[in-house]
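Chemist: Before anything else, here's the structure in question.
Quick note: the coordinates plus some simple rules give every number you see, no bench work behind them. Please read all numbers here as calculations on a predicted model, not as lab measurements. Because the Cβ atoms are built from the backbone with ideal geometry, glycine has one as well, and the counts that use them run over all protein chains shown.
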Amino acid sequence: MKFRFFQQFKLISISLSPNVQKDDVSLALKLLFQPWKWKRGKAIKELENQFKEYLGVKYAFSFNSGRSAFFAILKALDLEQNTNVSLQAFTCNAVPNPILWAGLNPVYIDCDNDFNVDIEKLKLLIRENKHSEKVVVVQHTFGLPVNMDEVMNIVQQNNLTLIEDCAHALGAEFGGKKVGTFGKASFFSFSRDKVISSVYGGMAITNDDDVGKKLQQLQKEFGQPSRFWIKQQLLHPILLHYMILPLYKFLDLGKIFLVLSQWLHVLSKAVSFKEKRGLRPNYFPKALPNALAILVLNQFNKLDKFNEHRKKIAEFYYNELKDTRFILPSKENNIFLRFAVRHPKAHEIIYDAWHKENMLLGDWYTTAIAPDDTKMDEMKYSVGMCKNAEKLAKETLNLPTHINTTIEDAKRIVNFLRQWR
């Protein structure tokens, strides 16, 4: 095994704020020295208006994360305490946590082999719990839309409230209609490795007048995050570009610098220690600050370019991996936030890619609820609840498709993967 210190290979990463380009770094650097723009400004309303226009909806309200937006939606629905909220396994703790924070009860449904909810298991759950199931959350995993025809039939027949989790799927469509516009409400994420990014950020949307009015009230009640927290987010793309990514060429110095920066609270973690235990950090829920709205707007203007690039890289993977042991994702309507493949030795492949080839391939998700050090009992999840999700967690790895992934990068990845064919 070669030491990466001596490797000449460029780092290939699926995470580490993959959408960040030079203009995003320059913008963050400029904002860092304009603290009067951090909290209040016209960018917040401009972003919300652009979102409404893009999705063709009546209401859009921004928050400082997707989980804050989801929490706001749950509060806006005025649900009774301990109301069941159904969601799929093979997800991040950022989905069950807002349910817990709102005093509600997460009920897990297994996923199908396309990583989305198993429709038949959803039907079974509703039949068995006809009088207790009221809210269903569907997750468009990795940018592949759920079959919304079937979901809408179930929702309408059983008088359920549908919430769409579009954290992976901004720009995806089903039947010519954009995801996020089917249910009572939906939420999007702008976190560091989503379709577009402002390090942290999210949006709640609805066409329902009552929900829209309550979301507006909640946004005001939540208030703005602290200046210290905003500064952490602005520093993220700057330190990543100038320090962290360059240091990844030398053994584990990049990772060490990143962890040290988070330990010293120079940068924020993607998932906090508290969240892994079902607890709520004090910086959630909050409204989206103006500085991060400016960063999102810059990326939102590049959305179509980003998603077209993802599809181009995905097509390359399809062509090069079609005759291998890798089980490839569905093509239909997919925007390919990540190109998720299955292989019986997925975890071994991820390990070797990093230690031998300087490639950080994706590990979404290695457990039914990620990250893998999440306390499952605090999420009200027990091992064996969703067997297919647990199986997929052992055999799934994700290949990068983001704007900084070149065809040459994809060739390197494919050449490495072919030894596992």
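Chemist: For labels at Q157 and K22 in the simple 7 Å Cα→Cβ model, what's the distance in nm?
Modeler: 5.6 nm
Chemist: When the label point is put 7 Å from the Cα of Q50 along its Cα-to-beta-carbon vector, which residues of region 169-206 have a backbone N closer than 18 Å?
Modeler: Those under the cut-off are 169-172, 188-205.
Chemist: Quick one: grab the alpha carbon gyration tensor of the chain, order the square roots of its eigenvalues as a ≥ b ≥ c, and give me rounded if a/c is under 1.5, else prolate or oblate depending on whether a/b is larger than b/c.
Modeler: Because a/c hits 1.5 or more and a/b fails to exceed b/c, the chain counts as oblate.
Chemist: Give the lysines reachable from K269 as a straight Cα distance under 19 Å; neighbours fewer than 8 places away on the same chain don't count.
Modeler: K194, K231, K255, K286, K375
Chemist: Still on this structure, please answer the following. Note down the nm distance, to one decimal, between modelled labels 7 Å out along Cα→Cβ at D323 and at R40.
Modeler: Once both label points are built, they end up 6.5 nm from each other.
Chemist: Do you know the relative contact order of region 303-420, to the nearest whole percent, from alpha carbon pairs under 8 angstrom that are 6+ apart?
Modeler: Relative contact order for region 303-420 comes out at 38 percent.
Chemist: Hey, another quick one. Who wins for biggest fluctuation among F273, F115, F182 in a Gaussian network model of the chain, springs between alpha carbons below 10 Å?
Modeler: Looking only at F273, F115, F182, the biggest GNM fluctuation is shown by F273.
Chemist: Shifting gears a bit: Which whole-number percent is the relative contact order of the chain (Cα, under 8 Å, 6+ apart)?
Modeler: In percent, rounded to a whole number, it is 26.
Chemist: Sticking with the crude label model, points 7 Å out along Cα→Cβ, report the distance from H265 to D210 in nm, one decimal please.
Modeler: 4.2 nm
Chemist: So if each residue of separation counts as 0.36 nm, and I subtract the Cα-Cα distance between L29 and E173, what length gain in nm does that give?
Modeler: Roughly 48.4 nm would be gained on extension.
Chemist: Give me the extension gain from K345 to K302: residue separation times 0.36 nm, minus the current Cα-Cα distance, reported in nm with one decimal.
Modeler: 11.9 nm
Chemist: Further, regarding this structure: Mind pulling up the Rg/Rh value for region 303-421? Radius of gyration and Kirkwood radius, both on Cα.
Modeler: Result: Rg/Rh = 0.99.
Chemist: What FRET efficiency would be calculated for the residue pair E80, K411, taking the C-beta separation as r and a Förster radius of 41 Å, to the nearest 0.05?
Modeler: The pair E80/K411 has a calculated efficiency of 0.15.
Chemist: Also: Can you compute the helix-only [θ] at 222 nm over the chain? Use -39500 (n - 2.57) per DSSP H run of at least 4 residues, normalise by all residues, nearest 500 deg cm²/dmol.
Modeler: For the chain, the value works out to -11500 deg cm²/dmol.
Chemist: Which three extents, in whole angstrom, do the alpha-carbon atoms of region 36-222 cover along their principal axes, largest first?
Modeler: Ordered largest first, region 36-222 gives principal extents of 54, 34, 28 Å.
Chemist: Something else now. Cα centroid distance between region 115-141 and region 242-319, in Å?
Modeler: 31 Å
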